[in-house]
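Colleague: Here you go, one structure.
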Amino acid sequence: MRIGPLAVLRERQFTILWCSLLVSDMGTWMQIAALGIYVAQTTGQASWVGLITTATYLAAGLVAPFGGAFADRYDRRIVVRVGVLGQAIVSLLLVAAIATQNDGPLVLWVLAGLQGLVGAAVFPALNAMVPDLVSATHYSQAMSLYHVSWNIGRSLGPLLAVLAIATVSFEAVFLFNGVSFLTVAIATTALSETKRGETSGSALQRLREGFRGLTAAPACRTPLATCIAHAALIAPFIALIPVMSQLTLGGRASDTGHLYAAQGIGSILGVLVIASLIPRLGQARVLTLALLGAATCAIAYSWSPTILSALLWIIPLSGFHSSVVAGCAALLVGRAPTDIRGRIMGFYNASYNLTLSASGVIMAILADHFGVRIVLFVGALAMIAGVAFTQTRAVRP
């Protein structure tokens, strides 16, 4: 294997960090699934499920640009360490809320949002650290493996959450998530000091500089626009998994866990495939195919008559979804200047998270009135129409 998707694991520092992220991502997805199951059981409302499962994305999106600014100004190891320690504390607050029965949906929404808030600097800093940890030939593989870690957690975490809920309690899930964040904090102590950008100018000036760096060049605008459209029209299927499973198909909590697991498996396969296809087909063609594939599979998934058929369709849907997200992020990391890389990735993460959270809430509210099937179907049709329009403009003389 010359430059395969796993070649980056030969880079020692990246491997240490990646292994810690694998544990943390497992805990994160255990918590996401547990919160979705708990809210679906206690409220029976799709809108609350959507609000709470997207609260972290919303909070992270609102403050991610500031997190990116921290990642450019301070040692990125320290930024990651402080962020994950803050997330661990919030997980302990969730344990306390459930244990003391102060667990109304509004309280859970606030805590989920707070966790996204305190961890908002983590993703921009992790992304910005990639060129400091791996050689240039491994950028795409490193970004792909970030998504592999996230999606291994997505596939196994919900199953472990269902098991922990059945045998122990919801509180045990949140406690494990809190402990899992500590593994990342420990791993950062084994990394070399990362490069930092210039610290001149006010905070507002430096944020403007990062925003201009993201939006000025067509090479950056294209992946940004692609990911925003995908986050608005297709990606909310993730937040609506408990709605599809329990409120539409009449499944049990375990069925929700199985859908989350199938989603993770599909996502792992997707990001590994894209790492091998991009050198052969080119980034633009792969992104177009992934967008159309995601929309087509979303249509089939939305009309699944049974849990089994939903499981079968969510696998390729998730693969195409993660291919879009990983591909866009890899493009930006490779092209962003070192001194503003954290801010560029912060604004990028903010754009994606804010779009996903807003669309997830809107789709959840609409699902209460029209059904989740119609909502997902219309979003997929809109994506197909958008891709067709852009392709027509691209070939027009």
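Colleague: Hey, in the GNM for the chain with a 10 angstrom Cα cutoff, which one of I241, I89, I52 fluctuates hardest?
Modeller: The residue that fluctuates most here is I89.
Colleague: Let me ask something additional. Specify the residue with the greatest mean-square fluctuation among T296, T100, T222, computed from a Gaussian network of the chain linking alpha-carbon atoms under 10 Å apart.
Modeller: For the chain, modelled as a Gaussian network with Cα springs under 10 Å, the answer is T100.
Colleague: When the scattering of region 80-137 is computed by the Debye formula from its Cα atoms alone, each counted once and equally, what is log10 I(q)/I(0) at q = 0.14, 0.22 Å⁻¹?
Modeller: So the normalised log intensities work out to -0.48, -0.81.
Colleague: Round to the nearest 0.05 the FRET efficiency obtained for R212 and F389 when R0 = 35 Å and r is the Cβ-Cβ distance. Write down the numbers at each step before the final one.
Modeller: Details: r = 27 Å, r/R0 = 0.78.
FRET efficiency, R212 to F389: 0.80.
Colleague: How much length is gained if the chain between I362 and L281 is pulled fully straight, taking 0.36 nm per residue apart and subtracting their Cα-Cα distance, in nm to one decimal? If you can, show how the numbers build up before the last one.
Modeller: Values: separation 81, 0.36 × 81 = 29.16 nm, distance 3.56 nm.
Separation in residues times 0.36 nm, less the Cα-Cα distance, equals 25.6 nm.
Colleague: Here's something else I'd like to know. Please report Rg over Rh for the chain, where both radii come from the alpha carbon positions and Rh follows the Kirkwood definition. Walk me through the intermediate numbers first.
Modeller: Numbers: Rg = 19.8 Å, Rh = 20.9 Å.
Here the Rg-to-Rh quotient is 0.95.
Colleague: Rounded to the nearest 500, what is the 222 nm mean residue ellipticity of the chain from helices alone, with -39500 (n - 2.57) per DSSP H run of 4+ residues and division by all residues? Please report the intermediate quantities before stating the final value.
Modeller: Working: 15 runs with 318 residues, N = 397.
That calculation yields -28000 deg cm²/dmol at 222 nm.
Colleague: Between I89 and Q13, what is the FRET efficiency for a Förster distance of 25 Å, r being their Cβ-Cβ separation, to the nearest 0.05?
Modeller: Values: r = 27 Å, r/R0 = 1.07.
Efficiency at R0 = 25 Å is approximately 0.40.
Colleague: Suppose all protein chains stay in the model; what accessible area per residue would a 1.4 Å probe give for the chain, in Å²? Write down the numbers at each step before the final one.
Modeller: On the way: 15760 Å² over 397 residues.
Heavy-atom SASA per residue in the chain reads 40 Å².
Colleague: Of all the C-alpha pairs in region 24-107, what % are more than 16 Å from each other?
Modeller: On the way: 2154 of 3486 pairs.
Percent of Cα pairs beyond 16 Å in region 24-107: 62.
Colleague: Quick check: with the 1.4 Å probe, what order do F181, F377, F370 take by accessible area, largest first?
Modeller: Details: F181 10, F377 60, F370 140 Å².
Largest accessible area first, the list is F370, F377, F181.
Colleague: Could you work out how far the C-alpha centroid of region 164-186 sits from that of region 64-99, in angstrom?
Modeller: If you average the Cα positions of each part, the centres end up 16 Å apart.
Colleague: Hey, another quick one. Among Q141, Q101, Q115, which one moves the most in a GNM of the chain with springs linking Cα atoms closer than 10 Å?
Modeller: Judging by the Gaussian network model, the answer is Q101.
Colleague: Another question about this same structure. Stokes-Einstein D for region 76-198 at 25 °C, 0.890 mPa s, Kirkwood Rh over Cα pairs, in µm²/s?
Modeller: Approximately 153 µm²/s, per Stokes-Einstein.
Colleague: Ignoring ligands and nucleic acids, what accessible area does D368 show with a 1.4 Å probe (Å², nearest 10)?
Modeller: The accessible area of D368 comes to roughly 80 Å².
Colleague: Okay, moving on. Given a 1.4 Å probe and every protein chain left where it sits, what share in percent of the accessible area of region 5-73 is carbon and sulfur?
Modeller: Values: 1530 of 2320 Å².
Reported share for carbon and sulfur atoms: 66 percent.
Colleague: Let me ask something additional. Can you give the extra length, in nm with one decimal, that the chain gains between V179 and Q41 once fully stretched, where that is 0.36 nm per residue apart less the Cα-Cα distance?
Modeller: Numbers: separation 138, 0.36 × 138 = 49.68 nm, distance 2.58 nm.
Roughly 47.1 nm would be gained on extension.
The values are calculated or read from the model by the stated rules, or taken from the named source; none is laboratory data. Quick caveat: nothing in here was measured; it's all calculated off a predicted structure. FYI the Cβ positions are ideal-geometry reconstructions off the backbone, even for glycines, and counts take in every protein chain you see. Note: areas computed on protein heavy atoms with side chains; ligands, DNA, RNA excluded. Shrake-Rupley method; radii C 1.70, N 1.55, O 1.52, S 1.80 Å.
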